[in-house]
1. Regarding the range 321-336, can at least one residue be identified that is within 28 Å of LEU50 (Cα to Cα), modelled with pLDDT of 95 or more and more than 22 Å from the chain's Cα centre (by Cα)?
2. From the list ALA202, ALA148, ALA167, which one is buried (at least 18 other Cβ atoms within 10 Å of the Cβ), over 20 Å from the mean Cα position of the chain (by Cα) and either small (Gly, Ala, Ser) or assigned to a helix (DSSP H, G or I) (or both)?
3. Looking only at the range 276-298, decide whether some residue is among the charged types (D, E, K, R), modelled with pLDDT of 95 or more and open to solvent by 10 Å² or more (accessible area, probe 1.4 Å).
4. Quick one: which residue in ARG37, ARG82 is open to solvent by 60 Å² or more (accessible area, probe 1.4 Å), at pLDDT 95 or above and among the basic types (Lys, Arg)?
5. Within the range 67-79, how many residues are assigned to a strand (DSSP E or B) and within 18 Å of LEU328 (Cβ to Cβ)?
6. How about the range 171-181: which of its residues are open to solvent by 60 Å² or more (accessible area, probe 1.4 Å) and closer than 21 Å to LEU132 by Cβ?
7. Run down ALA320, ALA252 and say which single residue is small (Gly, Ala, Ser) and farther than 30 Å from ARG398 by Cβ.
Amino acid sequence: MTDPSSAQPAPPGCPAHTDAVRLAGLEYQQTPSQMYRALRREHGSVAPVLLDGDIPAWLVLGYSEVTYVTSHDELFARDSRRWNQWENIPADWPLMPYVGYQPSVLFTEGDEHRRRAGVITEALEGIDQFELARNCQLIADRLIADFAGSGQAELMTGYAHALPMRAVVQMCGMPTSGEDTRQLVEDLRISLDAAEGDDPVAAYGRVGERLRQLVKDKRVSPGPDVTSRMLLHPAGLTDEEIVQDLISVIAAAQQPTANWICNTLRLLLTDERFAVNVSGGRLSVGEALNEALWLDTPTQNFIGRWAVRDIQLGGRQIRAGDCLVLGLAAANTDPQIWPDSHVGAENAAHLSFSNGEHRCPYPAPLLADVMARTAVETLLERLPDLVLSVEPEELAWRPSIWMRGLTALPVRFTPVVH
């Protein structure tokens, strides 16, 4: 594979040149893959783009380029204070929860990042995966029981979002139900993926307050949970460091896993390859889960990395302090790795959990897989004749360039009386 940073002479200018593309609009929301193809055709593997408020950045579209950026923290770092655009960013900028520097594992580098990520890894390793699967099955059964008798359901809110939310807050030592927990999850959604009229900055502040209280409670009364294990770890993180890292853990586990569940269910319900075939076999739930990560990865784009110095990438001249958005969905469907457009469901080399030192810390992807797989398999076992209650083309994707998920997944089935 050629080193993507050694490229042809770059065009003059910075991301603000006149051909920069706004990352917004209907085309992006419903058919981002077409948008990525068009960007790739016009700009190659690194495209100049405009974020909210026409703030310039680079969208890294190529698989090898994303891999290169995420493997070279010394060139493309995570500390957002390097950004050369801060003077143009208003305090209430919608993407502030993503880019505003916090004392969080997300923005640390080098030894400090390894220390913080190590605490998260060890806290997550304390989760018994068989117990997590059992808990998820119990949660799934309770959620399904709420709608099983009616013969119809909207699975996005009633199932796909609710299951990982309950599983994740339970992992962290919070009650799985109640207004407090419901509000926390709603605020997380707003801060990660604000809809019209939402205030993501205020929502992010409320998330922090709720988790500060949780950390305070666990200092007094620790339990067999992720928060307590982080507090008791010999690395001796401060309460505020733990709050910030818990936000990262919960946000990374809940929203993306919910969309992974729903995107997999959509695939199973709309693609005939997953229907029972003549011989009675079918492609497995595992293959559907993996294919959804390749073709409809829940985190489409991730902001970001900041160039440590002037450098070339994909034929572009990147300036020190420029922001790079990691185009995970575009990289996963890069024709350089799928020349015949066929994505192999058995291949797990996708970038859906990112790559390099800042990828999802082990064993987070395994835990997400346990949650998603249990959610999908339990639903299909309990409601074996589940079908969409609308035409596949009527399903609408959420208006987001960051997360890939449906606004709703309405289904019908034979009512089950308990």
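1. yes
2. Details: ALA202 fails: buried (at least 18 other Cβ atoms within 10 Å of the Cβ); ALA167 fails: over 20 Å from the mean Cα position of the chain (by Cα).
It is ALA148.
3. Within the range 276-298, none of the residues are among the charged types (D, E, K, R), modelled with pLDDT of 95 or more and open to solvent by 10 Å² or more (accessible area, probe 1.4 Å).
4. Every option except ARG82 fails the conditions.
5. Here is the first cut: in the range 67-79, the ones assigned to a strand (DSSP E or B) are 76-77.
Of the ones still in play, those that are also within 18 Å of LEU328 (Cβ to Cβ) are 76.
Going through the range 67-79 one residue at a time, the tally reaches 1.
6. Listed by number, the residues that qualify are PRO175, SER177.
7. Only one candidate passes the filter, namely ALA320.
Conditions (1) assigned to a helix (DSSP H, G or I); (2) over 20 Å from the mean Cα position of the chain (by Cα); (3) under 21 Å from THR297 (Cβ atoms), marked per residue:
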| position | (1), (2), (3) |
| --- | --- |
| GLN34 | yes, yes, yes |
| LEU50 | no, yes, no |
| GLU65 | yes, no, yes |
| ARG81 | yes, yes, no |
| ASN84 | no, yes, no |
| ASP92 | no, yes, no |
| ARG114 | yes, yes, no |
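The values are calculated or read from the model by the stated rules, or taken from the named source; none is laboratory data. From a predicted model like this one, the values you see are computed outputs, not experimental measurements. Cβ: placed from backbone, ideal geometry, glycine included. Neighbour counts: every protein chain shown. Heavy atoms of the whole protein, side chains included, go into the accessibility calculation; ligands, DNA and RNA do not. Shrake-Rupley method; radii C 1.70, N 1.55, O 1.52, S 1.80 Å.
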